[in-house]
Amino acid sequence: MAVATPAVRPAPRPSLWTRLAAGLAILTKSKVAMVGLVLVLFWAIVATFADDCIINTGCWADTAKQVSNAFQFKDITETEGADKVFEANPWLARYSPFEQFRGDNLKGPSAKHWLGTDRFGRDLWARLAHGARIILTLAPIGVIIALIVGGTFGLIAGYYGGTVDEIISRVLDSMIAFPQILLYLVIIAALGPSAVNVVLAITIAGAPGIARLVRGLTLDIKTRDYVAAAETRGESPWYIMFVEILPNARGPIIIDAMLRVGYAVFAIGTLGFLGLGLPPPSPDWGSIVSVGRKFIQAGHIWDAMWGSAATAMLVVGLNLMADGLSEEMQRYR
Amino acid sequence: MSKFLVRRIIFLIITLFIVSIIVFAISEIAPGNIAINTLGNTITPEQEASFNAQNGLDQPPVERYLRWMIGSDWQAARLIGRPVERVYDPDNQRLSWWIVGEDGARYQNSTPDGETMYRLVRQPDGTTKEEVMGGDVWKPNEDGLMVYWGIDPGGRAAMWVRGDDLMEWTLTKATWTSIAGAPRSYLPLQKGLLRGDPGVSFQSRRPVAETLIVRVKNTAFLAGLAFVIVMPISLVLGLIAGLNEGKFIDRVLSISSLIFTATPEFTSGVFLILIFSTWLGWFPGAVVATTDTAIFEDPKMLVLPVMTLTLVELGYVLRITRASMVEVMRTNYIRTAVLKGLPRFRIVFKHALRNALMAPITVIILHVNWLVGGIVIVEAIFGFPGLGRYVMEAALFKDVFAVEAAAMLLVLIAVGTQMAADFIYTFINPRIRYA
């Protein structure tokens with residue numbers, strides 16, 4: 001006897017784009033999140049189109065060289081004149097962040113220099129624009145690596161349980177007990193300030209929190225039927241952890257990661273301010289503020305003011321976005 | 001309850017133990033050379049080797065970790081065969097170590113040529129008197145060498161070998177000097193963290209504990225002041241926001257608190273300096289502490305640091321209080337009270353308030369951890385002589401004992417408050433079961 005095929009076939013899974021659009025629709029529903037999005041997009045666009053780097057092949061080669069230098073723990077300034085690195089033509093930034101205008105140092109805003117100049121006569125707007133590029137690259141990279149490391153440990157601890165869980169949890173608790181700033185200080189002070197070390201510090205500081213979150217989610221998802229089914233099929237633990245459990249835990253992880261990008265920007269700014277960020281002459285926002293702070297008494301407030309404003313704007317934008325998003329998602333739950 | 005207490009305390013100890021290993025590993029094993037940091041980068045390899053030997057930096061990490069934790073004076077006393085004693089000189093803020101002789105004299109040792117051993121007997125006025133020791137002080141060790149274990153004038157246990165002609169490099173105030181008759185190996189003396197001695201700072205040569213106490217006092221004062229100001233304001237504003245959920249005043253309070261909390265301390269600090277110091281000229285933009293008590297004498301200097309901390313902390317507590325109040329106002333017993341026709345202020349003050357404040361109180365205590373982060377930055381901005389700036393300067397200088405001590409202290413505060421929060425929570429909320 002033939003079994004009648006069901007007349008209604010299950011609806012095909014919506015494509016990636018539809019799902020992404022649905023996610024963005026949530027974002028547009030919240031006014032707070034929209035304000036945040038505008039603030040962040042402003043800096044994202046400025047960072048992307050600061051110069052013609054995205055169409056300039058010479059610039060790609062330079063970037064690749066910089067990245068490989070960074071991974072060999074070489075200082076940019078040692079290997080090459082740092083002002084030679086950017087041979088790109090400025091677009092939104094208007095000038096190179098390293099170009100020194102003679103006689104124009106420590107000037108206030110004018111038509112020539114929109115936000116003024118710093119003590120070496122470098123255009124502040126150009127430096128902020130290029131600083132946005134640094135901060136908006138390093139923060140997500142740090143968070144992604146922290147997600148990979150922390151997620152793996154969290155999955156292992158949650159899935160295996162028992163002694164493994166106990167050991168991992170103890171170590172995680174100890175790392176979380178550290179005030180974050182102390183962790184950054186000790187790591188950067190030990191390894192020296194550089195882009196790679198900043199990312200490393202963000203990873204080490206962020207991974208324990210992510211691991212704890214993923215562990216909690218894993219403990220819950222582990223008891224579901226589909227995990228039991230996979231175990232019965234004889235799938236390997238790694239397959240179950242990464243293919244069965246991880247995708248089903250993605251919601252809270254994504255919200256958490258968004259908040260963490262905000263923290264990472266916060267942290268990179270703070271490190272720069274403490275002199276532990278990228279070494280000069282990098283247009284690091286935090287170091288623009290910390291250098292500019294010394295000229296406040298002399299009446300030149302612009303470095304400190306614009307640097308602070310830019311950092312505050314980006315961090316607040318990211319936080320508003322994450323906050324609005326999680327509020328909207330709670331409403332749907 | 002007592003079982004819960006014991007369990008938590010055991011966990012606390014385990015956590016601190018792991019933290020101590022992490023702190024030690026990061027600050028001592030990581031690349032970066034303590035000798036170069038302390039002495040400058042013009043030192044010769046011999047000077048560097050001599051410095052490392054004198055400070056025990058050439059020994060294996062496990063040995064150094066144990067010395068940091070449980071000290072080395074008992075080990076030295078066994079090697080020397082006499083008890084050793086630590087003397088603190090409050091005028092110079094220096095520590096020195098002495099052997100307690102059979103005749104009750106306190107002495108150190110030196111030898112000009114590896115043959116004649118002198119003992120430098122400490123006089124009541126702090127000076128030393130040289131006395132020649134007999135040739136019978138040299139004792140054979142297991143390698144068949146004639147050795148003498150004593151304490152050198154630098155305050156380290158040291159092993160001299162008879163007939164040795166070694167040199168040792170020391171950096172005095174003016175210049176490098178090379179001294180003949182150096183010991184063959186050293187054992188730096190320390191009481192150990194567990195016995196209350198976190199070591200001596202490489203930077204200032206002062207005992208870390210003495211400096212730390214002053215700094216902790218200053219920071220506790222700053223944090224306490226901020227705490228006293230933040231708490232009432234944020235609780236009241238949070239309650240107002242929570243009671244007016246969704247209304248204009250709630251939206252203004254919630255969003256501005258989010259903005260204040262999200263803004264990094266260094267940017268809010270700079271803005272406050274710009275507004276109140278540069279523009280209005282009301283308060284000084286930096287803390288200039290010439291003496292230990294300066295910060296208590298000129299309260300105007302503290303306004304901006306406290307204000308920065310307040311801004312950052314305010315938003316966080318406000319949001320928690322608001323959320324808690326909103327939740328409580330939606331519960332059935334509040335609805336019952338409303339339906340009974342009770343006046344609104346009675347509902348709020350008699351019924352809602354107690355439950356609404358439960359969550360914020362524990363969160364506030366847990367928040368100490370974050371406050372610490374804020375304090376480091378605020379102290380850096382305003383040049384406040386507190387614990388945070390001490391940690392920062394020590395970390396930048398790679399002053400390992402100072403970093404380690406301050407880090408352990410901060411972690412102890414963080415973990416301790418966490419435990420306190422747990423207890424207070426079980427206390428004010430009897431429904432909680434001890435796990």
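The values are calculated or read from the model by the stated rules, or taken from the named source; none is laboratory data. Please read these numbers as outputs of a predicted model, since none were measured by experiment. Backbone-built Cβ (ideal geometry, glycine too); neighbour counts: all protein chains shown. Each accessible area value is taken on the protein alone, full model and side chains, heavy atoms only, with ligands, DNA and RNA left out. Shrake-Rupley method; radii C 1.70, N 1.55, O 1.52, S 1.80 Å.
Some points to look at:
- From the C-alpha gyration tensor of the protein assembly as shown, square roots of 5λ in Å: 51, 34, 30
- In chain B, excluding the sites themselves, the longest stretch lacking any of the trypsin sites (Lys or Arg not before Pro) that are in a DSSP loop with at most 15 other Cβ atoms within 10 Å is B:1-172.
- Descending Cα extents along the principal axes, chain B, whole Å: 99, 58, 41
- Residues in chain A average 48 Å² of solvent-accessible surface per residue, probe 1.4 Å, ligands and nucleic acids excluded.
- Here is the interface size for B with A: some 3700 Å² of accessible area buried, both sides summed, with a 1.4 Å probe.
- About its Cα centre, the dipole of the protein assembly as shown is roughly 3860 debye, where the only charges are +1 on Lys and Arg Cβ and -1 on Asp and Glu Cβ.
- Heavy-atom accessible surface of segment B:366-435: percent carbon and sulfur, 1.4 Å: 70 percent
- Gyration tensor (Cα) of segment B:31-84, equivalent ellipsoid semi-axes in angstrom: 27, 13, 8
- With N the number of residues in segment B:208-428, Rg(Cα) / (2.2 N^0.38 Å) evaluates to 1.17.
- Legend: residues in segment A:143-173 shielded by at least 40 square angstrom of accessible surface upon adding the remaining protein chains to the isolated chain (1.4 Å probe, heavy atoms) are A:R170.
- Theoretical ellipticity at 222 nm over chain B - DSSP helices of four or more residues, -39500 (n - 2.57) apiece, nearest 500: -17000 deg cm²/dmol
- Excluding ligands, DNA and RNA, the accessible surface per residue across chain B is 49 Å² with a 1.4 Å probe.
- The loop-placed GluC sites (Glu not before Pro) in segment B:93-194, going by DSSP, that have at most 16 neighbouring Cβ atoms within 10 Å of their Cβ come out as B:E102, B:E115, B:E142.
- Within the accessible area of segment B:257-337 (1.4 Å probe), percent carbon and sulfur: 64 percent
- Chain A - mean residue ellipticity at 222 nm from DSSP helices (-39,500 (n - 2.57) per run, n ≥ 4, rounded to 500): -22000 deg cm²/dmol
- Dipole orientation for the protein assembly as shown: of the candidates B:S50, B:S2, B:Q75, B:S2 has the Cα lying most toward the positive pole (charges on Cβ; Lys, Arg +1; Asp, Glu -1).
- Sulfur and carbon atoms: percent of accessible area, segment B:55-191 [1.4 Å]: 51 percent
- Residue-by-residue Karplus 3J(HN,Hα) for segment B:54-59, coefficients 6.51, -1.76, 1.60, Hz, glycine and proline x: 5, 9, x, 7, 8, 7
- Debye log10 I(q)/I(0) at q = 0.14, 0.18, 0.23, 0.24 Å⁻¹ for segment B:172-276, Cα point scatterers: -0.85, -1.07, -1.28, -1.30
- With each label modelled as a point 7 angstrom along the Cα→C-beta vector, the B:L339-B:E85 pair spans 8.0 nm.
- Burial annotation for segment B:225-261: residues with an accessible-area loss of at least 40 Å² between the isolated chain and the complete set of protein chains, computed on heavy atoms with a 1.4 Å probe, are B:L258.
- Label zone at B:M231 (point 7 Å along Cα-to-Cβ), backbone N below 18 Å, segment B:304-339: B:306-307, B:309-322
- Computed from the C-beta positions of B:N37 and A:Y160 and an R0 of 45 Å, the FRET efficiency is 0.60 to the nearest 0.05.
- These residues, A:T163, B:T263, B:T336, go from largest to smallest accessible area, 1.4 Å probe, as A:T163, B:T336, B:T263.
- Over 27 Å (Cα to Cα) - which of A:K294/B:K398; A:K294/B:K300; A:K222/B:K3 fall in this group: A:K222/B:K3
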